[in-house]
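Undergrad: I am attaching a structure below and will ask some questions about it afterwards.
The values are calculated or read from the model by the stated rules, or taken from the named source; none is laboratory data. This one's a predicted model, so the numbers in the text were calculated from it and none came from an experiment. For neighbour counting, all protein chains shown are included, and Cβ atoms are generated from backbone atoms with ideal geometry for every residue, glycine included.
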Amino acid sequence: MSIDIETAARVAKLARIKVEQDQLPELAHAFNDILGFIEQLNEVDVDGVEPMVSVTPMRLKRREDAVTDGGMQDRILSNAPDAREGFFAVPKVVE
Amino acid sequence: MLDLTFETPKPKVIAGAKHDWELVIGMEVHAQVASRSKLFSGASTKFGAEPNSNVAFVDAAMPGMLPVINEYCIEQAVRTGLGLKAAINLTSAFDRKNYFYPDLPQGYQISQLYHPLVGEGEIIVDMEPGIARLVRVERIHVEQDAGKSIHDMDPHMSFVDLNRTGVALMEIVSRPDIRGPEEAAAYIAKLRQILRYLGTCDGNMQNGSMRADVNVSICLPGAYERYQETQDFSHLGTRCEIKNMNSMRFIQAAIEVEARRQIAIVEAGGKVDQETRLYDPDKNETRSMRSKEEAHDYRYFPCPDLLPLEIEQAWVDDIKASLPELPDEKKARFVTDFGLSDYDAGVLTAEVVNADFFEKVAAGAGDGKLAANWVINELFGRLKKEDHSIEDSPVSPEQLAGIIRLIKSDAISGKIAKDLFEIVYTEGGDPEKIVEERGMKQVTDTGAIETAVDEIIAANPAQVEKAQQNPKLAGWFVGQVMKATGGKANPKAVNEIVMSKLGL
């Protein structure tokens, strides 16, 4: 699998990262390097090997169903560029 | 074993200009998990709070905040799975579904694409007595809800409230086994009923606790059967997904109008594009929702913040042991144990609170059928008139059972019982005492009835003559006697005495 310039542009757009047109070839190249490395890993035969999902044998930590947080509207909104009547105010988004 | 056999309904057929067409429908229902706090944070899930007040830093995706799973939400999803007779996966895992929207501060939704918590189950969707559709559930996965955007408060801005952000949802995905708009509505209704019995979702569609995405495609008669035989989707038409509906009426309308749209395209020689559409109830049409096709590229990957979710079989078994009796079983038991009709049993088991109320009345009255009649016709009727739910019923099960016992022991007539019910409903009190104190007891003393009959016969010689020629007119005397005794005479006794006194 190889990433062309068009795909690189698409990935950048999906990630909402602005990439100038003249930088796209380099980005595509970097992607291909990464994928090349993955290809190399794919050569290892892992048939019948359980995927390792964590390097430490830990159990997923659980929480009790209790309300222990929230009630801080002012702090939640404190970094918002614009907030009105307790809401975040953002440029109009309509489907 | 209870009898849960049923016949399969016929699929809905829509006549196009050239052919008859059938519908194939699959549903993805998002049900909000009934829990106090969110799936990955300790913020409250309470509906209707001040905007952005039920938000933890995790929900607002502040840098460095990590999700910690709410074990009760998992328990609720497992309970739901067991209630749908589904397989529970002891190992499941969370993935990130990546997209950008102002009400999704993380830039991704934590969901379960590759390893859902719950596997295949089923729902019996009742259509008519003895007729039901078995709809297979493909999976249930647990995920975060998004926040809420409000677009109509300002002409230039959208307002975002993150209170709902991070609330636990169960996405219940059906197989394409639903064959018409009515079945789709019935499917939602049945699922809602089961969730409410289980207590895992409040089922409040108006508040958005249950929302459905509906996949609709059309096919020629016979094609669906070939799909069922082979499970090969190529026998079916291209589907469109109608997003985010929370009204059963709109779901039905949307399916119908979407099917007709697809039929028109195909019959004109065109092709249906697989896409996401929105239903507009004002115009009664669906329209394409996302011009940006690439928005569908969610680039799922395992969430690095969360280890796989491992649960123990013993825990699942404990949850299973605590499951309540579910609607199908309860309804079948009401039919068998109390001799109720399928319809009455269905009405009484629609909500578990109604069923519990009825069972108390039936036990207290010692008569299931009479109890069912009184609960459905008198109590529900009266409650509905005042827009009350059973929880606010001024008549307790004990009081209603008391009224029914008085009918059964012939202490009061059916007509008086209705008056008595009204008194108990509006004033309260012990039915037996009320009957005693207000002299409502039925007169079964034949001597007293005879006297009353004699008086009326003596006062109406012309009527006597007529009745003797036409026995049907004897009813007039019965009515007069009932009137004279204030409705307290036993109608059967009156009838017999009138007939014998008139020599009929």
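Undergrad: Only one residue in B:Gly381, B:Gly414, B:Gly428, B:Gly402 is surrounded by fewer than 18 Cβ atoms within 10 Å (Cβ to Cβ), within 29 Å of B:Ala493 (Cα to Cα) and not charged (D, E, K, R). Which one?
TA: B:Gly414
Undergrad: From the list A:Arg10, A:Arg16, exactly one residue is loosely packed, with under 12 Cβ neighbours inside 10 Å and either modelled with pLDDT under 95 or not polar (S, T, N, Q) (or both). Which is it?
TA: Just one listed residue meets the conditions, A:Arg16.
Undergrad: Against the conditions (1) facing chain B (nearest Cβ under 7 Å); (2) part of a loop (DSSP other than H, G, I, E, B); (3) of a type in the set (Gly, Ala, Ser), where does A:Ala89 fall short? Just the number, please.
TA: (2)
Undergrad: Condition check: facing chain B (nearest Cβ under 7 Å) and in a loop (DSSP other than H, G, I, E, B). Does A:Val94 satisfy that?
TA: Yes; evaluated as a whole, the condition is true for this residue.
Undergrad: Got at least one residue in region A:56-71 being touching a strand residue (DSSP E or B) at 6+ places or on another chain (Cβ under 6 Å), β-branched (Val, Ile, Thr) and closer than 20 Å to B:Ala61 by Cα?
TA: Checked against the condition, which is being touching a strand residue (DSSP E or B) at 6+ places or on another chain (Cβ under 6 Å), β-branched (Val, Ile, Thr) and closer than 20 Å to B:Ala61 by Cα, region A:56-71 yields at least one hit.
Undergrad: I'm told B:Arg133 meets every condition in (1) buried (at least 20 other Cβ atoms within 10 Å of the Cβ); (2) over 20 Å from B:Val13 (Cβ atoms); (3) at pLDDT 95 or above except one. Can you identify the failing condition by its number?
TA: So B:Arg133 meets the others, but not (2).
Undergrad: While we're looking at this one, here's another question. Between B:Asp454, B:Asp430, which is more than 17 Å from B:Ser413 (Cα to Cα) and under 43 Å from the mean Cα position of the chain (by Cα)?
TA: Answer to the check: B:Asp430.
Undergrad: If you go through region A:8-44 one residue at a time, how many are assigned to a loop (DSSP other than H, G, I, E, B) and either within 14 Å of another protein chain (Cβ to nearest Cβ) or touching a Lys or Arg at 6+ places or on another chain (Cβ under 6 Å) (or both)?
TA: So the count comes out to 4.
Undergrad: Just one of the numbered conditions (1) away from chain A (no Cβ under 14 Å); (2) buried (at least 18 other Cβ atoms within 10 Å of the Cβ) is not true of B:Leu309; which one?
TA: The one condition B:Leu309 does not meet is (1).
Undergrad: Would you mind finding the one in A:Asp74, A:Asp47 that is modelled with pLDDT of 95 or more and more than 8 Å from chain B (Cβ to nearest Cβ)?
TA: Among A:Asp74, A:Asp47, only A:Asp74 is modelled with pLDDT of 95 or more and more than 8 Å from chain B (Cβ to nearest Cβ).
One line per residue, one yes/no per condition, for (1) surrounded by 20 or more Cβ atoms within 10 Å (Cβ to Cβ); (2) more than 26 Å from the chain's Cα centre (by Cα); (3) within 12 Å of chain A (Cβ to nearest Cβ):
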{"position": "B:Arg36", "(1), (2), (3)": "no, no, yes"}
{"position": "B:Asp59", "(1), (2), (3)": "yes, yes, yes"}
{"position": "B:Ala86", "(1), (2), (3)": "yes, no, no"}
{"position": "B:Ser92", "(1), (2), (3)": "yes, yes, yes"}
{"position": "B:Gln112", "(1), (2), (3)": "yes, yes, no"}
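Undergrad: For residues in region B:151-167 being surrounded by fewer than 24 Cβ atoms within 10 Å (Cβ to Cβ) and more than 9 Å from every other protein chain (Cβ to nearest Cβ), which is nearest to the chain's Cα centre (by Cα)?
TA: Among residues in region B:151-167 that are surrounded by fewer than 24 Cβ atoms within 10 Å (Cβ to Cβ) and more than 9 Å from every other protein chain (Cβ to nearest Cβ), the one nearest to the chain's Cα centre (by Cα) is B:Arg164.
Undergrad: Checking the condition surrounded by 23 or more Cβ atoms within 10 Å (Cβ to Cβ) and within 19 Å of the chain's Cα centre (by Cα), which residue from B:Ile178, B:Ile218 passes?
TA: Exactly one of B:Ile178, B:Ile218 is surrounded by 23 or more Cβ atoms within 10 Å (Cβ to Cβ) and within 19 Å of the chain's Cα centre (by Cα), namely B:Ile178.
Undergrad: For region B:450-461, does any single residue satisfy the condition of being touching a strand residue (DSSP E or B) at 6+ places or on another chain (Cβ under 8 Å), not in a helix (DSSP H, G or I) and not charged (D, E, K, R)?
TA: no
Undergrad: Which of (1) more than 7 Å from chain A (Cβ to nearest Cβ); (2) crowded, with 21+ Cβ neighbours inside 10 Å; (3) of a type outside the set (Gly, Ala, Ser); (4) more than 20 Å from B:Glu310 (Cβ to Cβ) is the odd one out, the single condition B:Gln76 does not satisfy?
TA: (4)
Undergrad: Which is under 26 Å from B:Asp305 (Cα atoms) and more than 21 Å from the chain's Cα centre (by Cα), of A:Glu39, A:Glu43?
TA: Within the list A:Glu39, A:Glu43, the selection yields A:Glu39.
Undergrad: Output the qualifying pairs, or none if there are none: Cβ atoms under 7 angstrom, residues six or more apart or on different chains, first residue in region B:95-107 and within 19 Å of B:Pro63 (Cβ to Cβ), second residue among the polar types (S, T, N, Q) and surrounded by fewer than 18 Cβ atoms within 10 Å (Cβ to Cβ).
TA: B:Gly107/B:Asn98
Undergrad: Quick check on region B:439-483: of everything there that is surrounded by 15 or more Cβ atoms within 10 Å (Cβ to Cβ) and of a type in the set (Gly, Ala, Ser), which residue is nearest to B:Arg405 (Cα to Cα)?
TA: Ranking the candidates gives B:Ala452 first.
Undergrad: Search region B:278-289 for residues that are farther than 13 Å from B:Gln252 by Cα and pair each with any residue that is surrounded by fewer than 16 Cβ atoms within 10 Å (Cβ to Cβ) and small (Gly, Ala, Ser) when their beta-carbon atoms are under 9 Å apart and the residues are at least 6 apart or on different chains.
TA: Sorted first by the residue in region B:278-289, then by its partner, the pairs are B:Leu278/B:Ser288.
Residue by residue, here is whether (1) touching a helix residue (DSSP H, G or I) at 6+ places or on another chain (Cβ under 7 Å); (2) aromatic (Phe, Trp, Tyr) holds:
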| residue | (1), (2) |
| --- | --- |
| A:Val19 | yes, no |
| A:Asp45 | no, no |
| A:Glu50 | no, no |
| A:Phe87 | no, yes |
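Undergrad: Here is a further query. All but one of (1) surrounded by 12 or more Cβ atoms within 10 Å (Cβ to Cβ); (2) outside any helix (DSSP H, G or I) hold for B:Val498, so report the exception by its number.
TA: Here B:Val498 clears every test but (2).
Undergrad: Check B:Asp387 against each of (1) outside any helix (DSSP H, G or I); (2) crowded, with 17+ Cβ neighbours inside 10 Å and name the one condition it does not meet.
TA: Evaluating B:Asp387 over (1) outside any helix (DSSP H, G or I); (2) crowded, with 17+ Cβ neighbours inside 10 Å leaves (2) as the failure.
Undergrad: Just to verify a result, which residue in region A:77-86, among those that are more than 24 Å from the chain's Cα centre (by Cα) and in a loop (DSSP other than H, G, I, E, B), is nearest to the other protein chains (Cβ to nearest Cβ)?
TA: Selected residue: A:Gly86.
Undergrad: Mind counting the residues in region B:379-400 that are of a type in the set (Lys, Arg), within 19 Å of B:Pro431 (Cα to Cα) and free of Cβ contacts under 8 Å to residues at least 24 places away in the same chain?
TA: Number of matching residues: 0.
Undergrad: Quick check on this structure: which one of B:Asp328, B:Asp410, B:Asp367 is within 27 Å of B:Thr200 (Cβ to Cβ) and either among the acidic types (Asp, Glu) or at pLDDT below 95 (or both)?
TA: Just one listed residue meets the conditions, B:Asp328.
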